[in-house]
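Encoded as structure tokens, the structure appears first; notes follow it.
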Amino acid sequence: MAVLVKFLQNNVSIRIVSGVVLALLTLIIIIQGVRASQGLVIVCILGSFIEWTNLCFRISKAPINRRNLWAIGAIYMLVAGVGFFRMVGADVSIPWHFLQILILVIASDVGAFFVGTLIGGPKLAPAISPNKTWSGALGGFCAAILVTTLFSLVLNVEAIPAAFLVFYAILAQGGDLLESWVKRRLAVKDTSSLIPGHGGLLDRFDSLLPIGFVYFFKSFL
């Protein structure tokens, strides 16, 4: 019991446990089909919007034009949300494309965290996010490509085209950096404390949002 308590008190351990629970709950919802997955998208975007509003007007006291920043962020989230809604709706039963995007982002985050922690090295963008390294970025990128490709091969589902897979992997890391920059501007560490060890919804979805944003415009081509 003492070992279990010590494990749960460790921040990395809490991060892993809550991440696994969140991933399993998300998977359970997604395999229910398109309607359930679209409902998940709506709930997550609404939750992120509430977090963003609270962050800009109640939590942050940074001396910047928070009203304009809020408006830009709100539009960004709305477009990304509609993009994911359309992505999910493009499938008939289980939204495999959407699930592959989630796998890609999770693999990118996990790969970047562990490779960056184990190898370290030169900082990627010290002025924006002091803890991120080039080794972590490369590890996250490779993990995203490898795991997503293996996922599509093992389950024999239509894979994301290679060019878009690479592009999405880059976007995922760009979204993470973008949110780090925004939080630095707002002088906050996390968007909320909703998810133990992770922060808020926006702290988890930062890598997803640019992919949904780009897909919104791609879906009309």
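The values are calculated or read from the model by the stated rules, or taken from the named source; none is laboratory data. Since the model is a prediction, treat every value here as computed from it, not as a measurement. FYI the Cβ positions are ideal-geometry reconstructions off the backbone, even for glycines, and counts take in every protein chain you see.
Numbers below:
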quantity: Residue within the stretch 72-81 that is of a type in the set (A, V, I, L, M, F, W, C), buried (at least 19 other Cβ atoms within 10 Å of the Cβ), at negative phi and in a helix (DSSP H, G or I) present; calculated: yes
quantity: Residue in the stretch 177-189 that is touching a strand residue (DSSP E or B) at 6+ places or on another chain (Cβ under 7 Å), of a type in the set (A, V, I, L, M) and free of Cβ contacts under 8 Å to residues at least 40 places away in the same chain present; calculated: no
quantity: Candidate set from the stretch 185-220 (those that are in a loop (DSSP other than H, G, I, E, B), under 23 Å from SER13 (Cβ atoms) and not polar (S, T, N, Q)); member that is modelled with the highest pLDDT; calculated: ASP206
quantity: Top-ranked residue in the stretch 29-48 [being closer than 23 Å to GLY73 by Cβ and in contact with a Leu (Cβ under 8 Å, 6 or more places away or on another chain); ranked as surrounded by the most Cβ atoms within 10 Å (Cβ to Cβ)]; calculated: SER48
quantity: Out of ILE42, ILE50, sole residue that is within 30 Å of ASN131 (Cα to Cα) and β-branched (Val, Ile, Thr); calculated: ILE50
quantity: Given (1) modelled with pLDDT of 95 or more; (2) more than 17 Å from LEU201 (Cβ to Cβ), number of the condition ILE31 does not satisfy; calculated: (1)
quantity: Residues satisfying the stated conditions in the stretch 114-131, i.e. exposed (fewer than 14 other Cβ atoms within 10 Å of the Cβ), part of a helix (DSSP H, G or I) and touching a strand residue (DSSP E or B) at 6+ places or on another chain (Cβ under 8 Å); calculated: ILE119
quantity: Filtered residue count, the stretch 183-215, keeping only those that are within 21 Å of LYS61 (Cβ to Cβ), buried (at least 22 other Cβ atoms within 10 Å of the Cβ) and hydrophobic (A, V, I, L, M, F, W, C); calculated: 1
quantity: Output for the stretch 51-63, where each listed residue is surrounded by 13 or more Cβ atoms within 10 Å (Cβ to Cβ) and either of a type in the set (A, V, I, L, M, F, W, C) or at pLDDT 95 or above (or both); calculated: TRP52, LEU55, CYS56, ILE59, ALA62
quantity: Filtered residue count, the stretch 132-156, keeping only those that are outside any helix (DSSP H, G or I), surrounded by fewer than 22 Cβ atoms within 10 Å (Cβ to Cβ) and free of Cβ contacts under 8 Å to residues at least 40 places away in the same chain; calculated: 1
quantity: Selection status of ALA159, in a helix (DSSP H, G or I) and of a type outside the set (S, T, N, Q); calculated: no
quantity: Test: residue in the stretch 89-111 that is under 19 Å from PHE216 (Cα atoms), in contact with a Phe, Trp or Tyr (Cβ under 8 Å, 6 or more places away or on another chain) and not in a helix (DSSP H, G or I); calculated: yes
quantity: Odd one out for PHE141, checked against (1) aromatic (Phe, Trp, Tyr); (2) within 19 Å of ALA23 (Cα to Cα); (3) out of contact with any Cys (no Cβ under 9 Å at 6 or more places or on another chain); calculated: (2)
quantity: Filter pass, ALA169 being under 15 Å from the mean Cα position of the chain (by Cα) and farther than 30 Å from PHE57 by Cβ; calculated: yes
